[in-house]
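Peer 1: Shown below is the structure under consideration.
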Amino acid sequence: MNKEMFDALEDLSIEKGINKDYLLDAIEQALITAYKRNFNSQENVKIVIDEEHNQINVYSMKEVVEECFDPAIEIEVADARKVKKRAKIGDIVEVEVTPKDFGRIAAQTAKQVIVQKIREAEREIVYSEYSDRQGEIVSGIIQRVERNVVIVDLGKLEGVMTLNEQVPGEIYNVNDRIKAYVLEVAKNNRGVPQMLISRTHPGFVRRLLELEIPEIYEGLIEIKNIVREAGSRTKIAVYSKDPNIDPVGSCVGPRGTRIQNILNELKEEKVDVVEWSEDPVQYIASALSPATVLAVDIDEENMASKVVVPDNQLSLAIGKDGQNARLSAKLTGWKIDIKSETQIKGGE
């Protein structure tokens, strides 16, 4: 290694924030491997990097023995004392074995190590920068789709959206810009940071609400719960301690204007915003929106309820394939059994 290489190490430690001793240790280990590979050596070697004189030396570590049977790892006393005057049996002596052209190999190896360590350091910087973004919304350009996995260019790193995190029915085309929810930032098996993203997670809707509804962002309206069957329907329970604030009206806005951007982002998905209440009767009735509820009878011990709706509202209350009732039960935490007026009068 020449002076320029040592100077480059110094500059790197400052510019990239990579500890120089860490780089030198990595180069030493790589040089040991390079020496053994290039010179077919089985010796136990030690690399000494002399920055002051801009040189690298290779030493073979040999045990001092009375009679040598394996020259790769042993040295007889007489020969050992040429290296170390007071060497005795059992000592380990360092015998220089630096090959003539080792400087060229050392320079090539050092360059490879430096490039690798720079790449690792840059990856670590990106990981540190993005690792705390879990739960945020990010926006990027779809780069490619591989085996049902959508890869999104997010700038310094890739977003990976697996099939489970994709909304059923949504089409993902290359070069489309999309928004997604950050599940996790992790390193793949090559150590490259990746952002695992989702468009199905309820947190995606929560963050959209925080971005679009100032009262939610400011904490004047609290999101109590969100349940979702992505691509189909979402139910959101909201609440405000301030009696002057209508939490549902504030979220929806006149003619739905305030929630329109969220609906646009969720495309065909229906969104029900309902008011949370400490009173389970009121909360369950609200949760079944858009259906009208006539009565709610609750069994607190079993967290179960019986709900009566008008005959013409039964299908709406239950929903297609039971979806409205199912999501309402998840939203409230109560079992919900829905009956029509006629069924109740008939004793069903």
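The values are calculated or read from the model by the stated rules, or taken from the named source; none is laboratory data. Predicted model only: the values in this text are computed from it and were never measured. A quick note on method: Cβ atoms are made from the backbone with ideal geometry, for glycine too, and the neighbour counts reach across all protein chains shown.
Peer 1: Those residues that are in contact (Cβ under 8 Å) with a residue 12 or more places away in the chain and within 15 Å of ILE236 (Cα to Cα), I need them from the range 259-276; list them, please.
Peer 2: First pass over the range 259-276, keeping only residues in contact (Cβ under 8 Å) with a residue 12 or more places away in the chain: 259, 261-262, 265-276.
Residues satisfying the conditions are ILE259, ILE262, LEU266, GLU269, LYS270, VAL271, ASP272, VAL273, VAL274, GLU275, TRP276.
Peer 1: Here's another thing I want to ask about it. Looking for whichever is surrounded by 14 or more Cβ atoms within 10 Å (Cβ to Cβ) and either out of contact with any Asp or Glu (no Cβ under 9 Å at 6 or more places or on another chain) or free of Cβ contacts under 8 Å to residues at least 40 places away in the same chain (or both) here; the options are VAL152, VAL138, VAL97, VAL115. Which one fits? Give the derivation first.
Peer 2: On the way: VAL152 fails: either out of contact with any Asp or Glu (no Cβ under 9 Å at 6 or more places or on another chain) or free of Cβ contacts under 8 Å to residues at least 40 places away in the same chain (or both); VAL97 fails: either out of contact with any Asp or Glu (no Cβ under 9 Å at 6 or more places or on another chain) or free of Cβ contacts under 8 Å to residues at least 40 places away in the same chain (or both); VAL115 fails: surrounded by 14 or more Cβ atoms within 10 Å (Cβ to Cβ).
Result: VAL138 is the single residue among VAL152, VAL138, VAL97, VAL115 that is surrounded by 14 or more Cβ atoms within 10 Å (Cβ to Cβ) and either out of contact with any Asp or Glu (no Cβ under 9 Å at 6 or more places or on another chain) or free of Cβ contacts under 8 Å to residues at least 40 places away in the same chain (or both).
Peer 1: Looking only at the range 33-67, filter to residues that are at pLDDT 80 or above and among the small types (Gly, Ala, Ser); which one of those is nearest to LYS111 (Cα to Cα)?
Peer 2: ALA34
Peer 1: Within the range 237-265, can you find the residues that are within 26 Å of the chain's Cα centre (by Cα) and crowded, with 19+ Cβ neighbours inside 10 Å? Full working, then the answer.
Peer 2: Initially, the range 237-265 is screened for residues within 26 Å of the chain's Cα centre (by Cα), giving 262, 265.
Across the range 237-265, the qualifying residue is only ILE262.
Peer 1: So, one more: Can you name every one of the strands (runs of 3 or more DSSP E) wholly within the range 41-90 that holds 3 or more residues which are assigned by TED's automatic domain parsing to the domain that holds ILE27 and free of Cβ contacts under 8 Å to residues at least 24 places away in the same chain? Give the derivation first.
Peer 2: Values: elements: 45-50, 55-65, 74-76.
It comes to 45-50, 74-76.
Peer 1: Same structure again: Return a yes/no flag: does the range 314-326 have any residue that is farther than 19 Å from LYS270 by Cα, touching a helix residue (DSSP H, G or I) at 6+ places or on another chain (Cβ under 9 Å) and of a type in the set (S, T, N, Q).
Peer 2: no
Peer 1: Same structure, new question: How do the pairs read when you match residues in the range 160-187 that are of a type in the set (S, T, N, Q) with residues anywhere that are part of a strand (DSSP E or B), using Cβ under 7 Å and keeping only pairs 6 or more apart or on different chains?
Peer 2: THR162/VAL149; GLN166/VAL150; ASN173/ILE142; ASN175/ILE141; ASN175/ILE142
Peer 1: Scan the range 12-32 and give yes if some residue there is touching a Lys or Arg at 6+ places or on another chain (Cβ under 7 Å), more than 15 Å from ALA107 (Cβ to Cβ), at pLDDT below 90 and not small (Gly, Ala, Ser), otherwise no.
Peer 2: Yes, that holds for at least one residue.
Peer 1: Now, a different point. Tally the residues that are basic (Lys, Arg) and over 15 Å from the mean Cα position of the chain (by Cα), restricting the search to the range 117-154. Don't jump to the end; show me each part of the working.
Peer 2: Initially, the range 117-154 is screened for residues basic (Lys, Arg), giving 117, 119, 123, 133, 144, 147.
So of that shortlist, the ones also over 15 Å from the mean Cα position of the chain (by Cα) come out as 117, 119, 144, 147.
So the answer is 4.
Peer 1: Against the condition over 40 Å from the mean Cα position of the chain (by Cα), surrounded by fewer than 19 Cβ atoms within 10 Å (Cβ to Cβ) and touching a residue at least 24 places away in the same chain (Cβ under 8 Å), how does PRO280 come out, does it pass? Working first, answer last.
Peer 2: Working: over 40 Å from the mean Cα position of the chain (by Cα): no; surrounded by fewer than 19 Cβ atoms within 10 Å (Cβ to Cβ): yes; touching a residue at least 24 places away in the same chain (Cβ under 8 Å): yes.
The answer is no for PRO280.
Peer 1: Enumerate the helices (runs of 4 or more DSSP H) found wholly within the range 199-281, keeping only those where 2 or more residues are within 24 Å of ASP176 (Cα to Cα) and in contact with a strand residue (DSSP E or B) (Cβ under 7 Å, 6 or more places away or on another chain). Step through it out loud before you land on a result.
Peer 2: Values: elements: 202-212, 214-217, 247-252, 260-266.
Fully inside the range 199-281 and qualifying: 202-212, 260-266.
Peer 1: Moving to a separate point now. Given the conditions (1) part of a loop (DSSP other than H, G, I, E, B); (2) surrounded by 13 or more Cβ atoms within 10 Å (Cβ to Cβ); (3) not acidic (Asp, Glu), which single one is not true for PRO290?
Peer 2: (2)
Peer 1: Test GLU212 against the stated conditions and say whether it is surrounded by fewer than 19 Cβ atoms within 10 Å (Cβ to Cβ) and under 18 Å from GLU165 (Cα atoms). Before you say what the answer is, go through the steps one by one.
Peer 2: Numbers: surrounded by fewer than 19 Cβ atoms within 10 Å (Cβ to Cβ): yes; under 18 Å from GLU165 (Cα atoms): no.
Answer is no for this residue.
Peer 1: Something else about it: Conditions: (1) more than 30 Å from LEU331 (Cα to Cα); (2) within 14 Å of the chain's Cα centre (by Cα). ASP176 meets all but one. Number of the miss?
Peer 2: Result: ASP176 fails condition (2) only.
Peer 1: So, ILE226, is that one among the hydrophobic types (A, V, I, L, M, F, W, C) and either surrounded by fewer than 18 Cβ atoms within 10 Å (Cβ to Cβ) or more than 19 Å from the chain's Cα centre (by Cα) (or both) or not?
Peer 2: Values: among the hydrophobic types (A, V, I, L, M, F, W, C): yes; either surrounded by fewer than 18 Cβ atoms within 10 Å (Cβ to Cβ) or more than 19 Å from the chain's Cα centre (by Cα) (or both): yes.
Yes; evaluated as a whole, the condition is true for this residue.
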